[in-house]
């Protein structure tokens, strides 16, 4: 999609995450804006897309060695996050090593060196964990499969991750601006300011993205207690972690969204098909599309006339009730003022024959 654009296009990803789209755009010489509501992802996106001098990278290399030595000495008091059931994630020996290493990084390093070391630490932390990411939702390995590596294994892994990060760092011909804000409003973005919007928003499938990010956010200081994760997920589109679930159950729409009777019928079918959880799931789907309606109106405001938007989305099912997310995105884009909305099948998502990934594209009229 970005390959079709001339150099120096203004590219927007309103659900930017860790700025993968922004990084790709900058590598092609574009000026990108990566937006996300999650402060950890905004921090990570900023570290990931910054340009680093050789002097900074040399300092990272030296400081990685120093932090490793301090952590290995046994004199560093380990720092551990208040992550629930933390020993399910890491063995005691691994925890001790990670805690000592994390404490050394915060004690001895300052940004931007600290930021790059923390990315190396985060890769080490998750790589040495008992979590498995080989399917749609995270799980844990069986106890007999759990890794139980001591201090040496953790510190060796950290040094390898730091070396890999240093080797991969290179100047970007373009630039990335990272903005922490709500995708439903896009405050801080100027009217008619972007040429291309390319994004993959959260899917309407009740998969909590904050659940997967919690270990990173706890270890790096972005979360201190479980309630904070639920609060953040509630603010996000499609969030369902912790307190967000109960709030979805009590949510009531303000106003109508411009979808036809099929939308209302689908919500009613979800209630019937899902028995005790039907009302909650129906409200979840309704809130999701109310939020997306707010977003596409905001995206229309910030796109220049003639600018093109592309949304990579997936449909979903709730006990056999099909939610045609792609079709409803196309309808909402049209109602917001975009023209030529079209849907293209990209790929089949998993073994469920009904689930696909789609690209929904449209253009803001040149004159309006």
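The values are calculated or read from the model by the stated rules, or taken from the named source; none is laboratory data. Note that this is a predicted model, so its numbers are computed, not measured. Backbone-built Cβ (ideal geometry, glycine too); neighbour counts: all protein chains shown.
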Of the candidates 267, 281, 259, the one satisfying the condition of being surrounded by 16 or more Cβ atoms within 10 Å (Cβ to Cβ) and in a loop (DSSP other than H, G, I, E, B) is 259
When segment 60-81 is checked residue by residue, the ones that are surrounded by fewer than 17 Cβ atoms within 10 Å (Cβ to Cβ), in contact with a helix residue (DSSP H, G or I) (Cβ under 7 Å, 6 or more places away or on another chain) and assigned to a loop (DSSP other than H, G, I, E, B) are 77, 78, 80
Of the candidates 26, 32, 45, the one satisfying the condition of being buried (at least 21 other Cβ atoms within 10 Å of the Cβ), touching a strand residue (DSSP E or B) at 6+ places or on another chain (Cβ under 6 Å), at pLDDT 95 or above and under 22 Å from residue 218 (Cβ atoms) is 45
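Please go through segment 335-356 and pick out each residue that is over 20 Å from residue 290 (Cα atoms) and touching a residue at least 60 places away in the same chain (Cβ under 8 Å). Let's see the steps before the verdict.
Residues of segment 335-356 that are over 20 Å from residue 290 (Cα atoms), as a first pass: 339-340, 342-356.
Across segment 335-356, the qualifying residue is only 350.
State the number of residues belonging to segment 1-55 that are in a helix (DSSP H, G or I) and free of Cβ contacts under 8 Å to residues at least 60 places away in the same chain.
Initial filter on segment 1-55 (in a helix (DSSP H, G or I)): 2-4, 20-27, 39-49, 54-55.
In the following step, the residues that additionally are free of Cβ contacts under 8 Å to residues at least 60 places away in the same chain were identified as 3-4, 20, 24, 54-55.
Total meeting the criteria: 6.
Can you find even one residue in segment 213-221 that is crowded, with 17+ Cβ neighbours inside 10 Å, outside any helix (DSSP H, G or I) and under 20 Å from the mean Cα position of the chain (by Cα)?
yes
Go through 14, 39 for me and flag whichever is outside the structural domain of residue 108 (by TED's automatic domain parsing), surrounded by 18 or more Cβ atoms within 10 Å (Cβ to Cβ), under 27 Å from the mean Cα position of the chain (by Cα) and more than 19 Å from residue 173 (Cβ to Cβ).
Values: 39 fails: surrounded by 18 or more Cβ atoms within 10 Å (Cβ to Cβ).
None of the other options fit; the residue is 14.
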For segment 315-368, the count of residues that are touching a strand residue (DSSP E or B) at 6+ places or on another chain (Cβ under 8 Å), surrounded by 15 or more Cβ atoms within 10 Å (Cβ to Cβ) and outside any loop (DSSP other than H, G, I, E, B) equals 20
Report yes if residue 199 is buried (at least 16 other Cβ atoms within 10 Å of the Cβ) and closer than 25 Å to residue 362 by Cα, otherwise no.
yes
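Considering each of 120, 129, 91, 193 in turn, give the residue that is outside the structural domain of residue 284 (by TED's automatic domain parsing), closer than 26 Å to residue 23 by Cβ and modelled with pLDDT under 95. I'd like the intermediate steps shown before the answer.
On the way: 120 fails: modelled with pLDDT under 95; 91 fails: closer than 26 Å to residue 23 by Cβ; 193 fails: modelled with pLDDT under 95.
Criteria check complete, one pass: 129.
Do we have residue 101 as farther than 29 Å from residue 174 by Cα, modelled with pLDDT of 95 or more and assigned to a loop (DSSP other than H, G, I, E, B) here?
Details: farther than 29 Å from residue 174 by Cα: yes; modelled with pLDDT of 95 or more: yes; assigned to a loop (DSSP other than H, G, I, E, B): no.
Here the answer is no, as residue 101 does not meet what is asked.
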Selection from segment 289-307 of residues crowded, with 20+ Cβ neighbours inside 10 Å and either assigned to a strand (DSSP E or B) or not assigned by TED's automatic domain parsing to the domain that holds residue 255 (or both) yields 303, 307
